Amino acid sequence: MKLNPVNFIARHPDRISGLVLCVAGAFFLRASAHLPFGTLSAPEAGFFPRTLATALLLAGVIIFARAISAAPEMLDFTKRSWGVAVAIAALLLYGVLLERLGFLICTVGILFVLMKVYGGLSWKLSLLIAVPSVVATYLGFLELGVPLPAGVLAGF
C-alpha cells in the first residue's frame, strides 16, 4: 500500500497545525534574515523576530513529530470553543481600530473581552481589572518615551 503524504497530513489536526507553524516560522525566519541579529547582551533589530520565528518553527516540528505516532483525537466542540472565534475577531478588530480609537480604548476593550470570554469573570470585575492595568501600562510606556496611538482621546 502506497502512503499518500497529503492524506497522511490531512487526517490528523495536529499534523496540520504543526505544518502550518513550520511554514509560518520558516517564512518569518526568511523575512527577517536580512536584519542584524546582534548578541544576547546587545540585541539588534533582527534578534526578536528571528528568535520568535525559530521558536515557531521548533514548536511546529515538535507538534508534527508527536503527531506522527499518535492517533487523532476526536475534537469536542463546545459552547466554550466559541471563545477562540471571539478572541480572533477581537484581535483583528483591535488591529483595525487601534489607530482610530487609540491604545487606551482598544486595549481596555480587548482585555475586557478576553477576561470575560476566557476568564469567565463578571462584567464588573473585568472592568475593574482592565481599566487600571491598561492605564498603568499606558503611563509606563509614556514614561519610557514610547509613543502609543491616542486616537479619539488625542485632545485630552
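Restricting 140, 95 to residues that are assigned to a helix (DSSP H, G or I), within 24 Å of residue 21 (Cβ to Cβ) and outside the structural domain of residue 18 (by TED's automatic domain parsing) narrows the list to 95. I'd like to check something: does the range 111-119 contain any residue that is more than 15 Å from the chain's Cα centre (by Cα) and loosely packed, with under 15 Cβ neighbours inside 10 Å? Checked the range 111-119: at least one residue is more than 15 Å from the chain's Cα centre (by Cα) and loosely packed, with under 15 Cβ neighbours inside 10 Å.
With respect to residue 60, is the statement that it is part of a helix (DSSP H, G or I), in the same structural domain as residue 12 (by TED's automatic domain parsing), crowded, with 16+ Cβ neighbours inside 10 Å and within 20 Å of the chain's Cα centre (by Cα) true? Here the answer is yes, as residue 60 does meet what is asked. Among the residues of the range 72-121, those identified as of a type in the set (Ser, Thr, Tyr) and touching a helix residue (DSSP H, G or I) at 6+ places or on another chain (Cβ under 8 Å) are 94, 107, 118. In the range 139-152, the condition of being of a type outside the set (Val, Ile, Thr), surrounded by 11 or more Cβ atoms within 10 Å (Cβ to Cβ) and closer than 27 Å to residue 80 by Cβ is met by no residue. For residue 53, the conditions (1) surrounded by fewer than 17 Cβ atoms within 10 Å (Cβ to Cβ); (2) of a type in the set (A, V, I, L, M, F, W, C); (3) in a helix (DSSP H, G or I) are fulfilled apart from (1).
The values are calculated or read from the model by the stated rules, or taken from the named source; none is laboratory data. Computed from a predicted structure; not experimentally measured. Positions of Cβ are generated from backbone atoms using ideal geometry, with glycine treated the same way; all protein chains shown enter the neighbour counts.
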